[in-house]
Amino acid sequence: MDDYLEIGGRKFTNRLFTGTGKYPSDELIPDIINASGSEVITVALRRVDMDSETDNVMKHIPEHIQLLPNTSGARNASEAVRIAKLARAAGCGNWIKIEVISDNKYLLPDGHETVKATEILAKDGFVVLPYINPDFIIAKQLVSAGAAAVMPLGAPIGTNRGLQTREMIQILIDEIPLPIVVDAGIGKPSHACEAMEMGAAACLVNTAIASADNPVVMARAFSNAIKAGRDAYLSGMGVVHQLARASSPLTGFLRDA
Amino acid sequence: MVITLNGEEETVKGPITLFELLAEKRLKPESVVVELNLDIIDKDKLHDIKIRERDVIEILRFVGGG
(Lines give C-alpha, C1' and ligand atoms only; values in the text may rest on other atoms or scores of the structure.)
Protein backbone atom coordinates (compact mmCIF):
# COMPACT_ATOMS: atom_id res chain seq x y z
CA MET A 1 0.00 0.00 0.00
CA ASP A 2 1.31 3.43 -0.94
CA ASP A 3 1.05 5.18 2.41
CA TYR A 4 3.19 8.12 3.36
CA LEU A 5 3.07 11.10 5.64
CA GLU A 6 3.72 14.48 4.02
CA ILE A 7 4.79 17.47 6.08
CA GLY A 8 6.49 20.61 4.82
CA GLY A 9 6.92 19.17 1.33
CA ARG A 10 8.76 16.06 2.57
CA LYS A 11 7.34 12.55 2.45
CA PHE A 12 7.94 10.04 5.23
CA THR A 13 7.12 6.36 5.42
CA ASN A 14 7.81 6.02 9.15
CA ARG A 15 5.28 7.57 11.51
CA LEU A 16 7.25 7.45 14.76
CA PHE A 17 9.01 10.67 15.63
CA THR A 18 11.62 10.17 18.35
CA GLY A 19 12.95 12.61 20.90
CA THR A 20 16.62 12.66 21.91
CA GLY A 21 16.29 13.82 25.54
CA LYS A 22 16.93 11.93 28.78
CA TYR A 23 19.03 9.06 27.42
CA PRO A 24 21.64 7.62 29.76
CA SER A 25 24.15 8.50 27.01
CA ASP A 26 23.86 10.29 23.66
CA GLU A 27 25.93 7.42 22.25
CA LEU A 28 22.69 5.40 22.26
CA ILE A 29 21.00 7.74 19.78
CA PRO A 30 22.18 6.06 16.53
CA ASP A 31 20.90 2.69 17.79
CA ILE A 32 17.60 4.29 18.83
CA ILE A 33 17.17 5.89 15.40
CA ASN A 34 17.95 2.57 13.78
CA ALA A 35 15.57 0.54 15.92
CA SER A 36 12.75 3.09 15.68
CA GLY A 37 13.18 3.67 11.97
CA SER A 38 12.35 7.31 12.74
CA GLU A 39 12.87 9.85 9.99
CA VAL A 40 12.03 12.85 12.20
CA ILE A 41 14.05 13.50 15.36
CA THR A 42 13.59 16.28 17.92
CA VAL A 43 16.42 18.24 19.55
CA ALA A 44 16.62 21.28 21.83
CA LEU A 45 18.84 24.37 21.79
CA ARG A 46 20.87 25.26 24.88
CA ARG A 47 23.77 27.43 25.98
CA VAL A 48 27.13 25.75 25.52
CA ASP A 49 28.53 24.82 28.92
CA MET A 50 31.97 26.46 28.89
CA ASP A 51 33.13 24.53 31.94
CA SER A 52 32.68 21.05 30.55
CA GLU A 53 33.43 19.33 27.28
CA THR A 54 29.76 18.96 26.43
CA ASP A 55 28.92 16.49 23.76
CA ASN A 56 27.46 17.64 20.47
CA VAL A 57 24.25 15.67 19.93
CA MET A 58 24.39 16.37 16.19
CA LYS A 59 27.29 14.03 15.63
CA HIS A 60 25.02 11.12 16.59
CA ILE A 61 22.25 12.00 14.11
CA PRO A 62 22.57 10.77 10.52
CA GLU A 63 22.27 13.38 7.75
CA HIS A 64 19.14 12.00 6.07
CA ILE A 65 17.12 12.58 9.27
CA GLN A 66 14.70 15.52 9.37
CA LEU A 67 15.62 17.51 12.46
CA LEU A 68 12.79 19.00 14.46
CA PRO A 69 14.27 21.47 16.97
CA ASN A 70 11.90 22.52 19.74
CA THR A 71 11.52 25.86 21.46
CA SER A 72 11.56 24.38 24.96
CA GLY A 73 12.36 27.01 27.55
CA ALA A 74 10.21 29.61 25.77
CA ARG A 75 7.56 31.17 28.04
CA ASN A 76 5.92 33.37 25.41
CA ALA A 77 5.67 33.83 21.64
CA SER A 78 8.61 36.20 21.29
CA GLU A 79 10.97 33.82 23.13
CA ALA A 80 9.77 30.97 20.90
CA VAL A 81 10.43 33.06 17.79
CA ARG A 82 13.91 33.92 19.05
CA ILE A 83 14.76 30.26 19.69
CA ALA A 84 13.33 29.21 16.31
CA LYS A 85 15.50 31.72 14.46
CA LEU A 86 18.59 30.61 16.38
CA ALA A 87 17.82 26.98 15.57
CA ARG A 88 17.50 27.79 11.88
CA ALA A 89 20.76 29.76 11.97
CA ALA A 90 22.47 26.77 13.55
CA GLY A 91 22.12 25.29 10.09
CA CYS A 92 19.77 22.34 10.46
CA GLY A 93 16.83 23.34 8.35
CA ASN A 94 13.63 25.30 8.85
CA TRP A 95 11.46 22.92 10.86
CA ILE A 96 10.41 23.99 14.34
CA LYS A 97 8.30 22.47 17.08
CA ILE A 98 6.71 25.37 18.94
CA GLU A 99 6.60 24.67 22.64
CA VAL A 100 5.55 27.61 24.81
CA ILE A 101 5.22 26.70 28.46
CA SER A 102 4.67 29.06 31.35
CA ASP A 103 3.27 26.53 33.84
CA ASN A 104 6.03 24.68 35.65
CA LYS A 105 3.90 22.13 37.47
CA TYR A 106 2.03 20.45 34.62
CA LEU A 107 4.17 21.82 31.76
CA LEU A 108 1.02 22.55 29.79
CA PRO A 109 1.41 24.64 26.65
CA ASP A 110 0.08 28.19 26.28
CA GLY A 111 -2.24 27.99 23.28
CA HIS A 112 -2.62 31.73 22.73
CA GLU A 113 1.14 32.40 22.63
CA THR A 114 1.64 29.29 20.50
CA VAL A 115 -0.77 30.61 17.85
CA LYS A 116 1.05 33.96 17.84
CA ALA A 117 4.47 32.32 17.40
CA THR A 118 3.12 29.99 14.70
CA GLU A 119 1.79 32.89 12.67
CA ILE A 120 5.08 34.81 12.82
CA LEU A 121 7.26 31.81 11.99
CA ALA A 122 5.07 30.37 9.23
CA LYS A 123 5.18 33.79 7.49
CA ASP A 124 8.96 33.70 7.88
CA GLY A 125 9.21 30.42 5.97
CA PHE A 126 9.39 27.93 8.83
CA VAL A 127 7.68 24.54 8.77
CA VAL A 128 5.84 24.92 12.08
CA LEU A 129 4.65 22.03 14.23
CA PRO A 130 2.99 23.50 17.33
CA TYR A 131 2.61 21.51 20.55
CA ILE A 132 -0.79 22.16 22.11
CA ASN A 133 -3.50 20.98 24.42
CA PRO A 134 -5.95 19.15 22.15
CA ASP A 135 -8.21 22.20 21.89
CA PHE A 136 -10.29 22.33 18.71
CA ILE A 137 -10.53 26.12 18.65
CA ILE A 138 -6.78 26.62 19.09
CA ALA A 139 -6.15 23.97 16.43
CA LYS A 140 -8.40 25.82 13.96
CA GLN A 141 -6.51 29.02 14.69
CA LEU A 142 -3.26 27.17 14.02
CA VAL A 143 -4.55 26.09 10.61
CA SER A 144 -5.22 29.75 9.76
CA ALA A 145 -1.82 30.73 11.18
CA GLY A 146 -0.06 28.43 8.71
CA ALA A 147 0.94 25.43 10.84
CA ALA A 148 2.24 22.39 8.92
CA ALA A 149 0.90 19.90 11.49
CA VAL A 150 -0.67 20.01 14.94
CA MET A 151 0.82 18.18 17.92
CA PRO A 152 -1.72 17.59 20.70
CA LEU A 153 -0.68 16.09 24.02
CA GLY A 154 -2.03 12.77 25.29
CA ALA A 155 -1.07 13.54 28.88
CA PRO A 156 1.39 15.96 30.53
CA ILE A 157 5.01 15.70 29.31
CA GLY A 158 7.00 12.81 30.70
CA THR A 159 4.12 11.21 32.61
CA ASN A 160 3.80 8.00 30.51
CA ARG A 161 0.06 8.07 31.28
CA GLY A 162 -1.24 7.53 27.77
CA LEU A 163 -4.15 9.06 25.87
CA GLN A 164 -5.94 10.82 28.72
CA THR A 165 -7.21 13.38 26.19
CA ARG A 166 -8.49 10.73 23.76
CA GLU A 167 -11.89 12.33 23.00
CA MET A 168 -10.38 15.73 22.28
CA ILE A 169 -7.64 14.26 20.08
CA GLN A 170 -10.29 12.40 18.08
CA ILE A 171 -12.05 15.70 17.36
CA LEU A 172 -8.80 17.14 15.97
CA ILE A 173 -8.22 14.03 13.84
CA ASP A 174 -11.76 14.24 12.47
CA GLU A 175 -11.92 17.98 11.86
CA ILE A 176 -8.47 19.50 11.34
CA PRO A 177 -7.12 19.29 7.76
CA LEU A 178 -3.50 18.87 8.90
CA PRO A 179 -1.49 15.88 10.12
CA ILE A 180 -2.20 15.28 13.82
CA VAL A 181 0.95 14.12 15.61
CA VAL A 182 0.24 12.94 19.16
CA ASP A 183 2.99 14.26 21.39
CA ALA A 184 3.63 13.90 25.14
CA GLY A 185 2.29 11.43 27.64
CA ILE A 186 2.52 8.33 25.46
CA GLY A 187 3.99 5.77 27.85
CA LYS A 188 3.59 2.40 26.18
CA PRO A 189 3.53 1.04 22.63
CA SER A 190 -0.16 0.21 23.10
CA HIS A 191 -0.89 3.92 23.68
CA ALA A 192 0.84 4.81 20.41
CA CYS A 193 -0.94 1.98 18.62
CA GLU A 194 -4.29 3.28 19.85
CA ALA A 195 -3.50 6.82 18.66
CA MET A 196 -2.70 5.44 15.21
CA GLU A 197 -5.87 3.31 15.16
CA MET A 198 -7.80 6.52 15.86
CA GLY A 199 -6.28 8.06 12.74
CA ALA A 200 -3.38 10.08 14.10
CA ALA A 201 -0.79 10.82 11.41
CA ALA A 202 2.17 10.06 13.69
CA CYS A 203 3.33 9.97 17.33
CA LEU A 204 6.28 11.67 18.98
CA VAL A 205 7.81 9.59 21.75
CA ASN A 206 10.73 10.44 23.99
CA THR A 207 10.42 9.65 27.71
CA ALA A 208 8.82 6.22 27.23
CA ILE A 209 11.75 5.09 25.10
CA ALA A 210 14.50 6.92 26.99
CA SER A 211 13.37 5.72 30.42
CA ALA A 212 12.97 2.04 29.48
CA ASP A 213 15.55 -0.35 30.89
CA ASN A 214 16.42 -1.19 27.30
CA PRO A 215 15.69 1.89 25.20
CA VAL A 216 16.73 0.28 21.91
CA VAL A 217 14.28 -2.62 22.24
CA MET A 218 11.58 -0.18 23.37
CA ALA A 219 12.22 1.96 20.26
CA ARG A 220 11.60 -1.14 18.13
CA ALA A 221 8.45 -1.97 20.11
CA PHE A 222 7.07 1.53 19.49
CA SER A 223 7.91 1.30 15.80
CA ASN A 224 6.03 -1.99 15.50
CA ALA A 225 3.05 -0.66 17.49
CA ILE A 226 2.77 2.39 15.27
CA LYS A 227 2.88 0.30 12.11
CA ALA A 228 0.21 -2.03 13.53
CA GLY A 229 -2.03 0.88 14.51
CA ARG A 230 -1.63 2.53 11.14
CA ASP A 231 -2.46 -0.68 9.29
CA ALA A 232 -5.51 -1.15 11.49
CA TYR A 233 -6.69 2.37 10.72
CA LEU A 234 -6.17 1.92 6.97
CA SER A 235 -7.88 -1.47 6.98
CA GLY A 236 -11.19 0.00 8.13
CA MET A 237 -11.95 -1.50 11.52
CA GLY A 238 -15.10 -3.54 12.14
CA VAL A 239 -18.14 -2.15 13.94
CA VAL A 240 -18.37 -2.49 17.73
CA HIS A 241 -21.51 -4.41 18.90
CA GLN A 242 -23.09 -4.66 22.33
CA LEU A 243 -24.13 -8.30 21.96
CA ALA A 244 -22.24 -11.38 20.81
CA ARG A 245 -22.10 -12.35 17.14
CA ALA A 246 -20.85 -15.83 16.41
CA SER A 247 -17.60 -16.15 14.48
CA SER A 248 -18.24 -19.79 13.59
CA PRO A 249 -21.30 -20.88 11.65
CA LEU A 250 -24.01 -22.16 13.99
CA THR A 251 -25.14 -25.17 11.99
CA GLY A 252 -27.20 -26.50 14.85
CA PHE A 253 -26.88 -30.12 13.64
CA LEU A 254 -26.37 -31.43 17.20
CA ARG A 255 -29.90 -30.50 18.03
CA ASP A 256 -31.48 -31.50 14.75
CA ALA A 257 -34.50 -33.68 15.36
CA MET B 1 37.39 44.09 28.43
CA VAL B 2 34.30 42.74 30.13
CA ILE B 3 31.59 40.94 28.20
CA THR B 4 28.58 38.84 29.19
CA LEU B 5 29.01 35.36 27.78
CA ASN B 6 26.11 32.93 28.20
CA GLY B 7 24.82 34.94 31.13
CA GLU B 8 28.15 35.18 32.99
CA GLU B 9 30.42 38.22 33.14
CA GLU B 10 33.77 37.42 31.66
CA THR B 11 37.00 39.31 31.01
CA VAL B 12 38.56 38.73 27.60
CA LYS B 13 41.80 40.08 26.20
CA GLY B 14 40.93 42.32 23.28
CA PRO B 15 40.73 43.12 20.50
CA ILE B 16 39.33 39.77 19.47
CA THR B 17 36.84 38.60 16.84
CA LEU B 18 33.91 36.28 17.51
CA PHE B 19 35.75 33.60 15.54
CA GLU B 20 38.77 33.97 17.82
CA LEU B 21 36.53 33.80 20.89
CA LEU B 22 35.12 30.46 19.68
CA ALA B 23 38.65 29.18 19.04
CA GLU B 24 39.64 30.23 22.55
CA LYS B 25 36.70 28.26 23.91
CA ARG B 26 37.63 25.32 21.67
CA LEU B 27 34.29 25.45 19.88
CA LYS B 28 33.85 24.69 16.19
CA PRO B 29 31.79 27.39 14.43
CA GLU B 30 29.81 24.76 12.51
CA SER B 31 28.57 23.16 15.73
CA VAL B 32 27.25 26.32 17.42
CA VAL B 33 25.15 29.40 16.77
CA VAL B 34 26.23 32.81 18.02
CA GLU B 35 23.99 35.66 19.09
CA LEU B 36 25.56 39.09 19.66
CA ASN B 37 23.41 41.65 21.48
CA LEU B 38 20.30 39.71 20.36
CA ASP B 39 21.39 39.61 16.69
CA ILE B 40 22.09 36.21 15.16
CA ILE B 41 25.52 36.22 13.53
CA ASP B 42 26.00 34.36 10.23
CA LYS B 43 28.82 31.85 10.45
CA ASP B 44 30.72 33.57 7.63
CA LYS B 45 30.62 36.90 9.52
CA LEU B 46 32.30 35.54 12.66
CA HIS B 47 35.73 36.50 11.25
CA ASP B 48 34.70 40.09 10.64
CA ILE B 49 33.08 41.06 13.90
CA LYS B 50 35.19 42.31 16.77
CA ILE B 51 33.91 41.99 20.30
CA ARG B 52 33.35 45.26 22.13
CA GLU B 53 33.16 46.21 25.79
CA ARG B 54 29.82 45.20 27.41
CA ASP B 55 28.77 42.99 24.48
CA VAL B 56 26.24 40.34 25.40
CA ILE B 57 27.06 37.10 23.64
CA GLU B 58 25.18 33.82 23.60
CA ILE B 59 26.77 30.68 22.21
CA LEU B 60 24.26 27.86 21.77
CA ARG B 61 24.18 24.36 20.41
CA PHE B 62 21.74 21.52 19.95
CA VAL B 63 21.30 19.07 22.80
CA GLY B 64 18.99 16.12 23.30
CA GLY B 65 15.34 17.11 23.68
CA GLY B 66 11.79 15.92 23.10
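Burial here means at least 40 square angstrom less accessible surface with every protein chain in place than with the chain by itself, probed at 1.4 Å; in segment A:30-52 the buried residues are A:Ala44, A:Leu45, A:Arg46, A:Arg47, A:Val48, A:Met50.
Here is the interface size for B with A: some 2200 Å² of accessible area buried, both sides summed, with a 1.4 Å probe. Every Cα-Cα pair in segment A:41-193 was counted, and those over 24 Å apart are 33% of them.
Comparing the full protein assembly with the isolated chain, the residues of segment B:42-66 losing at least 40 square angstrom of accessible surface (1.4 Å probe) are B:Leu60, B:Arg61, B:Phe62, B:Val63, B:Gly64, B:Gly65, B:Gly66. Excluding ligands, DNA and RNA, the accessible surface per residue across segment A:5-255 is 47 Å² with a 1.4 Å probe. Counting Cβ atoms of other protein chains within 10 Å of each residue's Cβ and taking the mean over peptide A:20-28 gives 2. In whole Å, what is the distance between the alpha-carbon centres of segment B:28-66 and segment A:1-45? After rounding, the separation between the Cα centres reads 28 Å. From most to least packed by mean Cβ count within 10 Å, the peptides B:12-23, B:53-64 give B:53-64, B:12-23.
Nonpolar atom fraction for chain A, defined as the carbon and sulfur part of the 1.4 Å probe accessible area, stands at 50 percent. In units of the compact-protein estimate 2.2 N^0.38 Å, the protein assembly as shown shows a Cα radius of gyration of 1.17. Inter-label distance, A:His241 to A:Lys59: 6.2 nm, where each label sits 7 Å from its Cα along the C-beta direction.
Apolar share of the accessible surface for chain B: 49 percent from carbon plus sulfur atoms, 1.4 Å probe. Would you mind counting up the charge near A:Val143? Only other residues with Cβ under 12 Å from its Cβ, with Lys and Arg at +1 and Asp and Glu at -1. My count for the surroundings of A:Val143 gives -1. Percent of C-alpha pairs per 10 Å bin in segment A:99-179, short distances first: 20, 51, 26, 2. For segment A:5-255, lysine pairs separated by 8 or more sequence positions, or belonging to different chains, with Cα-Cα distances below 16 Å total 7.
Rounded, prolate or oblate: which fits segment B:2-60 when a ≥ b ≥ c are the square roots of the eigenvalues of the alpha-carbon gyration tensor, with rounded for a/c under 1.5 and prolate only if a/b beats b/c? Rounded is the answer for segment B:2-60, as its axis ratio a/c remains below 1.5.
With protein chains left intact and a 1.4 Å probe, residues in segment B:2-60 average 59 Å² of accessible area per residue.
For A:Glu39, neighbours were defined as the other residues whose beta-carbon sits under 11 Å from its Cβ, and their charges (Lys and Arg +1, Asp and Glu -1) total +3. For chymotrypsin sites (Phe, Trp or Tyr not before Pro), the sites in segment A:93-143 that DSSP calls loop and that have at most 16 other Cβ atoms within 10 Å are A:Tyr106.
Across peptide B:23-32, the mean count of Cβ atoms from other chains lying within 10 Å of each residue's own Cβ comes to 3.
The values are calculated or read from the model by the stated rules, or taken from the named source; none is laboratory data. Here the structure is a predicted model, which is why all the values come from computation and not from measurement. Don't worry about glycine lacking a Cβ; one is built from the backbone with ideal geometry, like all the others, and counts go over all protein chains shown. Surface areas here come from the heavy atoms of the whole protein model, side chains and all, with no ligands, DNA or RNA. Shrake-Rupley method; radii C 1.70, N 1.55, O 1.52, S 1.80 Å.
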